[in-house]
1. Classify region 1-90 from the C-alpha gyration tensor, please: rounded if a/c falls under 1.5, else prolate or oblate depending on whether a/b exceeds b/c.
2. Where the accessible area of the chain is counted over protein heavy atoms with a 1.4 Å probe, how much of it, in %, is carbon and sulfur?
3. For a Förster distance of 30 Å, can you work out the FRET efficiency between the beta-carbons of Lys146 and Ile178, rounded to the nearest 0.05?
4. Please list, by residue number, every one of the chymotrypsin sites (Phe, Trp or Tyr not before Pro) in region 22-89 that is coil in DSSP and has at most 13 other beta-carbon atoms within 10 Å.
5. Given H placed 1.01 Å from N in the peptide plane, which residues other than close sequence neighbours of Tyr124 have an amide H under 5 Å from its amide H?
6. Take the alpha carbon atoms of region 192-215, find their center, do the same for region 74-137, and report the distance between the two centers in whole angstrom.
7. Can you tell me, using C-alpha contacts under 8 Å and at least 6 residues apart, the relative contact order of the chain as a whole percent?
8. Using θ = phi - 60° and the Karplus relation 6.51 cos²θ - 1.76 cosθ + 1.60, list the HN-Hα couplings for region 218-233 in order, rounded to whole Hz, with x at every Gly or Pro.
Amino acid sequence: MKFTKTIEVKNIFNKISYKYDFLNNLLSFGLHKLWKRKLVNLLEPLNGEDWADLCCGTGDLAFLISERVGPMGSITGIDSAEDILNIAKKKSELKKNKFIKWEIQDVLEINVYSKKFDGICMSYGLRNLTNVKEGIKKVFYLLKDKGRAGFLDFNHSRKSSLSNIFQKIYLRFIVVTISRLFNLGPEYEYIEKSITNFPKKNELINIAEDVGFKKAEYRTILGGQMGILILTK
């Protein structure tokens, strides 16, 4: 599936928002928390820096980064889906976290904050943008010189590889089957289709370098099921 309109993505995430955290924990066996922490560790946010969590969902990365950049820095969580962002805001209130600012906005339409951020992160968001290259361009635009960015997402592995076969089996027979119990089957069926149109490792690196990033590295985790892209401006 390749999204042609942001509204399609927004509708999906608004619909699954009420079970988003629960299903993330269940379907990944809680491992998504370790992957997100690994991403943050690779990016090394520092106290006093300004960061953005794009397509922030319920704010997992934003909360992790706020632990690093506070009390002198800031973190802005941005997402286009209002319902899922409201959950992030409620979590923020419960945590009494005052370092995070939340904004409802489509990432590709951000036209302020030029060279505003020391760092940017995104988990499972780049794949869902209507144009991946434009998304990476936007991140380049938002970063300060020498800023860094990190993306966690499903890895688009080589067709017919063991990693690819396992991924398809898991998504079709575990993820979709369980999500149907909550009447969210169609919303989770999109994951496999979206991976098909997501650039592979070398393609992502080439896009980033073409956009202007000086350094781009990609590493796989969980036997090639997930990938982390780290960029330096």
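The values are calculated or read from the model by the stated rules, or taken from the named source; none is laboratory data. This structure is a prediction, so every number in the text was calculated from the model and none was measured. Quick reminder, even Gly has a Cβ in these numbers, built from the backbone with ideal geometry, and neighbours come from all protein chains shown. Side chains are part of the model used for accessible areas, which takes the heavy atoms of the whole protein and leaves out ligands, DNA and RNA. Shrake-Rupley method; radii C 1.70, N 1.55, O 1.52, S 1.80 Å.
1. Prolate, since a/c reaches 1.5 and a/b exceeds b/c.
2. Details: 6060 of 11330 Å².
Carbon with sulfur: 54 percent of the solvent-accessible area.
3. Numbers: r = 43 Å, r/R0 = 1.43.
Here the calculated transfer efficiency is 0.10.
4. Numbers: sites: Phe22, Phe29, Trp35, Trp51, Phe63; in loops: Phe29.
For chymotrypsin sites (Phe, Trp or Tyr not before Pro) across region 22-89 that sit outside H, G, I, E and B with at most 13 neighbouring Cβ atoms in 10 Å, the list reads Phe29.
5. Leu152, Asp153
6. Distance between centres, Cα-based: 20 Å.
7. 20
8. So the Karplus estimates, Gly and Pro as x, are 9, 9, 9, 9, 6, x, x, 6, 10, x, 10, 9, 10, 10, 10, 7 Hz.
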